[in-house]
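Below is one structure. I have some questions about it.
What follows draws every value from the coordinates through simple rules; no lab data is involved. Being a predicted model, the structure only gives us computed values, none of them experimental. Positions of Cβ are generated from backbone atoms using ideal geometry, with glycine treated the same way; all protein chains shown enter the neighbour counts.
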Amino acid sequence: MSGPSDSSWRSFDLLAPTPEHALLAESLREFVKREVEPQAAEHDRAERFNLPLFRRAGELGLLSVTLPEEYGGAGMDAVAAVQVCEALATSDPGFALSVLAHMILFAQNLAVNGSELQKTSLLPRAATGAIVGGLCMTEPGVGTDVLALRTRARREGAEYVLDGTKTFITNGGTDEHTLGDAFIVYATLEPGRISSFLVEKGVPGFRLGQKWKNKLGMRASFTAELVFDGVRLPLASRLGEEGEGTRHMMRNLEIERLTLAGMSVGIAQRCLEVMVAYASERKSFGVPLREHGQIQRYIAESFAEYRAARTLVYDVARRMDLTATGQRIDADAAKLFAAQAGKRAADAAIQVLGGYGYMGEYVVERLWRDAKLLEIGGGTLEAHQKNLTKDLSRDPGRIGR
Ligand SMILES: Cc1cc2nc3c(=O)[nH]c(=O)nc-3n(C[C@H](O)[C@H](O)[C@H](O)COP(=O)(O)OP(=O)(O)OC[C@H]3O[C@@H](n4cnc5c(N)ncnc54)[C@H](O)[C@@H]3O)c2cc1C
């Protein structure tokens, strides 16, 4: 059998398929090294969101890679979104989570599902980081079972009235006293009929509730409860048509899961760098740790899983259409695998470093705490397992495609 005459396809780089992606990767490397890394430990300890750094990311165009150019974005694809989340998470997953909530859950969601007026009024400011956005899906009594959400939207003449409470909202505040600026809120008109609404700071009845302090990880992102108490909104604050919210939610969850998976890959990369360096420097029984077979197992298995997760995540990103739905199988598979690979890599890194791994200054204990969230947020492992089994049973032919 003769081979293909044109072998230029071999130079295809899954991680940076175009010169624009390569340039973005380079800017991210510089930004992370010079501006993200120096502040990461301090903001984790203080449980503080770094708003000036967020605005700086906006200035560099890193909050708007996927937004259309007419609203100040770069008009790039899901690969670019993964690049941003992965790179930030190699250093500061908490900050990365805030960027993801703003960039994907709020701005990208609005870009795909919002009206021209909504987009013109908010996306240019979201692109620069002048406003901080988020998404309100989870409620105190409803998480995985999201279609049972209870936040109510009542139509009264030319207005909707919103009542309910959302919780665990990333960017719900920028600090303990300051509400985030703008949110997409999922609410029901009647049980099971969900619509999406745009709610901005300053509307009467909309306020910060409980501020979640003392989180296990992701402490550099601010997590809050948000209360909607008779919030009156004009009809124009609805996204799309009445009852379209479930579709908005499902579509946005796909890119959310993919980018969260990208964060786990970033965490795994950093953990590997730390454990490989340490295993060469530290000696026990007269030889570097890397000479011990059990240490080799931690390093080698973490690397193999990291490579597998990274390849899967970028392959799913390459195929993902940011405006479509129906890509849940791939997005769930990427997050299910990458989240666990990221957590295992962080665990292995602590083990390789022994007591030092347990100490804050060696970074991996922070990454270990942060890695856990990715098995819960944006869909738990169990939710991914259920979705995958359901979707594959419905379309078994998908397995070999
Ligand atoms: C730091 C942080 C940031 C977050 N940011 C946001 C945000 O910005 N916006 C937002 O809307 N939400 C946010 N969330 C919420 C997050 O998406 C939810 O926590 C997650 O979806 C799980 O919901 P839950 O916590 O209510 O758990 P539950 O749904 O109550 O689940 C509890 C356990 O039961 C399991 N379980 C539930 N149902 C089933 C089932 N049918 N079969 C098998 N097992 C099941 C779950 O997998 C889990 O193990 C955030 C959460 C955290 C911790």
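Provide the packing ranking of 273-282, 194-203, 247-256, i.e. peptides ordered by the mean count of other C-beta atoms within 10 Å per residue, highest first. Provide the component values of the computation, followed by the final result.
Details: 273-282: 16.7, 194-203: 19.2, 247-256: 22.1.
Result, highest mean first: 247-256, 194-203, 273-282.
Can you pull out the chymotrypsin sites (Phe, Trp or Tyr not before Pro) in the range 143-194 that DSSP calls coil and that have at most 16 other Cβ atoms within 10 Å?
Details: sites: Tyr160, Phe168, Phe183, Tyr186; in loops: none.
In loop regions of the range 143-194 (DSSP not H, G, I, E or B), there are no sparsely surrounded chymotrypsin sites (Phe, Trp or Tyr not before Pro).
Charges at C-beta only: +1 for Lys and Arg, -1 for Asp and Glu. How large is the resulting dipole of the chain about its Cα centre, in Debye rounded to 20?
On the way: 48 positive and 51 negative charges, 144 e Å.
Magnitude of the dipole: close to 700 debye.
Filter the trypsin sites (Lys or Arg not before Pro) in the range 133-164 down to the DSSP loop ones having no more than 14 other Cβ atoms within 10 Å, then list what survives.
Values: sites: Arg150, Arg152, Arg154, Arg155; in loops: Arg150.
Of the trypsin sites (Lys or Arg not before Pro), the ones in loops of the range 133-164 whose Cβ has at most 14 other Cβ atoms within 10 Å are Arg150.
Something else: Where the only charges are on Cβ atoms (+1 Lys, Arg; -1 Asp, Glu), what is the dipole of the range 245-398 about its Cα centre, to the nearest 20 debye?
Values: 23 positive and 19 negative charges, 46 e Å.
Roughly 220 debye for the range 245-398.
Nearest 500 deg cm²/dmol is fine: what mean residue ellipticity at 222 nm does the chain get from its DSSP H runs of n ≥ 4 alone, each adding -39,500 (n - 2.57), divided by its residue count? Intermediate results must be reported in sequence, preceding the final value.
Values: 12 runs with 184 residues, N = 401.
Mean residue ellipticity at 222 nm (helix-derived): -15000 deg cm²/dmol.
By the gyration tensor of its Cα atoms, with a ≥ b ≥ c the square roots of the eigenvalues, what is the shape of the range 134-239: rounded for a/c under 1.5, prolate for a/b over b/c, or oblate?
Numbers: a/c = 2.35, a/b = 1.47, b/c = 1.60.
Here the range 134-239 falls in the oblate category.
Sorted by average packing, counted as other Cβ atoms within 10 angstrom per residue and highest first, what order do 371-380, 354-363 take?
Working: 371-380: 22.2, 354-363: 14.0.
Per-residue Cβ counts within 10 Å, averaged per peptide and sorted highest first, yield 371-380, 354-363.
Follow-up question, since we're still on this one. Name the shape class, rounded, prolate or oblate, that the alpha-carbon gyration tensor gives for the range 12-132, where a ≥ b ≥ c are the square roots of its eigenvalues, rounded holds for a/c under 1.5, and otherwise prolate holds if a/b is larger than b/c and oblate otherwise. Kindly include the intermediate steps, with their values, before the conclusion.
Details: a/c = 2.07, a/b = 1.19, b/c = 1.74.
It is oblate, given that a/c is not under 1.5 and a/b is not larger than b/c.
Sum up the lysine pairs in the chain that clear both bars: alpha-carbon distance under 18 Å and a spacing of 8 or more or different chains.
Lysine pair count for the chain: 14.
Treat each spin label as a single point 7 Å out from the Cα along the C-beta direction, and report the Glu30 to Asp229 distance in nm.
4.9
Provide the percentage of antiparallel DSSP beta bridges, counting only those with both residues in the range 134-239; round to the nearest 5.
Around 90 percent of the beta bridges assigned by DSSP in the range 134-239 are antiparallel ones.
Starting from the Cα of Arg207, step 7 Å along the direction of its Cβ; do the same at Ala277; then give the gap between the two resulting points in nm.
So the two model labels end up 4.8 nm from each other.
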